[in-house]
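Step one of this worksheet: look at the structure below.
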């Protein structure tokens, strides 16, 4: 009897927690959009139109919806990769580099004779994940064995991967004589088939959904996941419990790396490109930081956040094309959201509203302060 | 004449609803040693933090020289002539003694930090108050007793009229305590006032002039030291007469753990445990006595596999532990309650269930093919919560939301959920309330009676004397004395060995080392 | 090979090394101050970038030194934002740092678009100014060594001299003044200065402010001397390299100088190599500073680890 009451209470507490987190995220987004609106108001000649495009354009046409959903799939993967390393309390920032080596691996498969067979997609994705995993493993092992700071090493590896991609595209992968830094289109067998004809929505979306479920399952239903989370909570305790925290740390970074590699394959083999071009990633990888932070590194929350953020991102791109406001304004929005969600700011005016509704705020406030 | 310092009806409730102080009155006269006593959790520390400006009271008044004061930070308290020596020292390890003493009030010429003047000042102070310390070495290299002197010098350097010592004897051996008392008396002779926080009553009665007793956040009385006895004071502290006692082992079993010629070195190369030989039998508790930092923790960690062994071997039931990983040691029947539950014993952000299963992630009951059996884990958690009467919302509650005593019960529950063959225990009741202490003591003796060999280390001599069947004294990583526990064994006897003043001959130890 | 040696040991190459090292050194010193106060400043990159753009835009309207001061102020402002969110609102410093980086990457391009009226890539159409080089050719009158002195010492950016002075000034501050003692105490064991009544959070906040100012000063050198003008992402990882240089320089100003010179040397090498060996691909040359940073970090960590192990062994 008492146990069931406690279970109910526990569930209520969890829901209250989810509600509070969601509220905070939404408040942060609204504040950030408010700031963006002020900036647009001050700088644009047609601010209302720009803001209108930002907020409504992504769902205006099937094509733009496709762009949005395609972004969501990609943002989900990078968000998952960051969530995994954040849950292990590592700060590997290497998703960008993993995307490039993954994209390169996928491109080599796609442009080889294998690419023209049915193996083009599965093998391309597989090799991209192996390459990305290896690239994620490097800063992990350097930290585990030598104590080399993973933030610095992973960032350096990002730049190295970008230059490596530039080099290989120019010298090896581009057909001789062509002036552009883009490979030939991949054979159709090596390009992800579209799920909705005429849009960019392709089986990358399915990969993203599978990845969400897989990461959730790995984190919350397997011993590896529990070990990873325990290492993240308190590495000393994990060590004392007989968990080899360095192994967990390296494996977390490697698995996250494989996700980064998968993202690389989704870029180059997806409907959006279907070929390898330099600098194809366009800074999307780092936006996984925002996704992971707002989702509190919870895999099931990652796609939800990606859905919202992807919409904003797409809106900004369209605003860039259709109005005089550059899409980079979204960087400001991103930064503000990260700052607000990562900090202990509480929803503004909550006490005021509560008082207005005649509710007592003390228990909630006390709980929050006690955290 | 108005008292030097007066606290009237102080109240403090922490965010989260913990009432730490609720109507505390304290009157300190100039030139006295005033003790504030009370159990752990009685609110002494909070009161001191309020006096020193770290916490601000919700209600009540502070009067200094009869005038109301309101400290918003330690700086203001320092400027008003109040100095504080915390139980955990506030010293920067890599800084030299003199740098630590003058930190925050450095002598300077222009913008330059005048080191020579600082060194001179420290020398002069340590002479004046008979607190001899070399000003030059980094404090990280000094023994605990010396570090404490640096702390006191720090307060004196800032011209503290009132010196608050927060449980200063907790980390000292009995003889070091005597030295501290000499210094305290010197301070009073020179016109300073000392507030002495403690819970060890004999010391309190020896050093103080007057005593304020606290219980459950209230001050329950003020008495003159020469008018009370230990017993009446204890009764005031707990509100009823209690005597903590446990039964000694009825019988003793076969040899369980044998440690042979063990040597452990630290990261910087210092020898922490040196050529140590010790045998522990099933069904007995062996107490490790020593001033903190004499190798007790390192010995336990080395046996548990948390620290590399430089030389020597530890056997459990005749099998060497050396080649075994931590998990394999646990599988062989080893359990350990670590020194610092927050740093090492728990993941406070994880749930109670996850904490309880953390050491059993290779157990087929909870993990099969790498997958967690959530049902079995939950059932086990509920069983342990019931058995160890842990007060918690449910298996899914985060450990960080529990009280100190309940957190420690989670650790104990995990380690004793399966009957261990060898149980390593370090500071089992530090910062734990009386009720939980009794519960944990009973759990330990039950494990012993069920056949566990127990190695127990504690900074609290009375805990060791209450629980242990045999006691070995460690000094600088070596066993210097061994005793069979009896009512005749006193802390003073142990103290002589703890400080290395005396050493037993091998023949003397023989009887107690069996 | 011989050409390479000739180049590397020439005075021109030395001047190039000083030029490439200066932004790194300034940024590394910024990272050092934050690091010693206990905050890992991963936002050096973004602070440099904002410093670059501020310097360029302000220099269009004002003398070069005003532009440099404006850059410092912009960097310090970002440091203040970091301090506010990290110290007051308790956000993780690394996340705050990356938020600043993301803000800088997008914000600079956005601001550039506004300033140039639509150009998103470079500030090529803006008449921005350069920091003058210090002409020491009067040293040439010294008999014997005068000519060599002029070759090596003349023609550096004024900020290079400032950076060299700052190495000394920061060393003096950290190890010879009371406030340096406070700062190091705050970084190593905050409870001690706290108990001594030192305002711990204020010290951390000031360190972040100074850190941001120094990084942005490095940015000013980059955009007003090494290059004249702003291009998007022109810092190209220098702020992150500086973060590595802090660790590599063993958390000491002189170490920071040596580490910055090391990375500057390889960047300078990347500048001269294409002229000498045109068969080496440009991409691989551009990789050099990053590869060197990774290798240096790994080697440094390995040596630190070995040193710890050796200490343990020698006393057994």
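Derivation of every value follows stated rules applied to the coordinates shown; laboratory data play no part. Fair warning: this is a prediction, and the values are worked out from it, not measured in the lab. Here Cβ is always computed from backbone atoms with ideal geometry, including for glycine, and neighbour counts include all displayed protein chains.
Per 10 Å bin from zero, what fraction in whole % of the C-alpha pairs of the protein assembly as shown is there, up to the bin with the longest pair?
Over the protein assembly as shown, the share of Cα pairs per 10 Å bin runs 2, 8, 15, 20, 20, 16, 11, 6, 2, 0, 0 percent.
Could you give the length gained by full extension between residue B:484 and residue B:136, i.e. 0.36 nm per residue of separation minus their alpha carbon distance, to one decimal place?
The span from residue B:484 to residue B:136 would gain 121.0 nm if fully extended.
Could I have the simple spin-label model distance between residue B:328 and residue B:56, label points 7 Å from Cα toward Cβ, reported in nm to one decimal?
5.9 nm
Tell me the label-point distance for the pair residue B:514, residue A:172, using the 7 Å Cα-to-Cβ offset, in nm and rounded to one decimal.
So the two model labels end up 7.4 nm from each other.
Just check region A:173-270 against the gyration tensor rule for me: Cα atoms, a ≥ b ≥ c as the square roots of the eigenvalues, rounded for a/c under 1.5, and otherwise prolate or oblate depending on whether a/b exceeds b/c.
Judged from the Cα gyration tensor, region A:173-270 comes out oblate (a/c at least 1.5, b/c at or above a/b).
Once both axes come from the Cα atoms, what is the angle between helix B:404-416 and the longest principal axis of chain B, in degrees from 0 to 90, rounded to 10?
Once rounded, one gets 20 degrees.
Can you give the direction-averaged projected area of the convex hull of the alpha-carbon atoms in chain A, in nm²?
Projected area, direction-averaged: 23.1 nm².
What FRET efficiency comes out for the pair residue C:250/residue C:227, r = Cβ-Cβ distance, R0 = 22 Å, nearest 0.05?
Efficiency for this residue pair is about 0.10.
Within 10 Å of each residue's Cβ, count the other Cβ atoms and sort A:240, B:315 from fewest upward.
Final ranking by Cβ density, sparse to dense: B:315, A:240.
Could you put A:65, B:164 in order, starting from the residue whose Cβ has the fewest other Cβ atoms within 10 Å?
A:65, B:164
Can you compute the modelled spin-label distance between residue A:145 and residue B:254, with each label point 7 Å from Cα toward Cβ, in nm?
Label at residue A:145, label at residue B:254, 4.5 nm between them.
Can you bin every Cα-Cα distance in region B:255-513 into 5 Å intervals starting at zero and give me the percent of pairs per bin, rounded to whole numbers?
It works out to 1, 6, 13, 17, 19, 16, 12, 8, 4, 2, 1, 0, in whole percents.
Would you compute, from DSSP H runs of 4+ residues alone, the mean residue ellipticity of the protein assembly as shown at 222 nm, taking -39500 (n - 2.57) per run and dividing by the full residue count, rounded to the nearest 500?
Computed ellipticity for the protein assembly as shown at 222 nm equals -17500 deg cm²/dmol.
So what does log10 I(q)/I(0) come out to for region C:2-314 at q = 0.07, 0.16 Å⁻¹, using the Debye formula with one equal point on every Cα and no solvent?
These q points yield log10 I(q)/I(0) values of -0.29, -1.35.
Taking the beta-carbon count within 10 Å as an exposure proxy, list B:232, B:219 from fewest neighbours to most.
By the 10 Å Cβ count, ascending: B:232, B:219.
Place a point 7 Å from Cα of residue A:184 in the direction of its Cβ. Which residues in region A:113-130 have their backbone N less than 15 Å from it?
A:113-117
Restricting things to Cα coordinates, could you compute the convex hull volume per residue of region C:1-93 in Å³?
Value for region C:1-93: 137 Å³ per residue.
Could you work out how far helix B:115-128 tilts from the main Cα principal axis of chain B, as a 0 to 90 degree angle to the nearest 10?
So the inclination is approximately 90 degrees.
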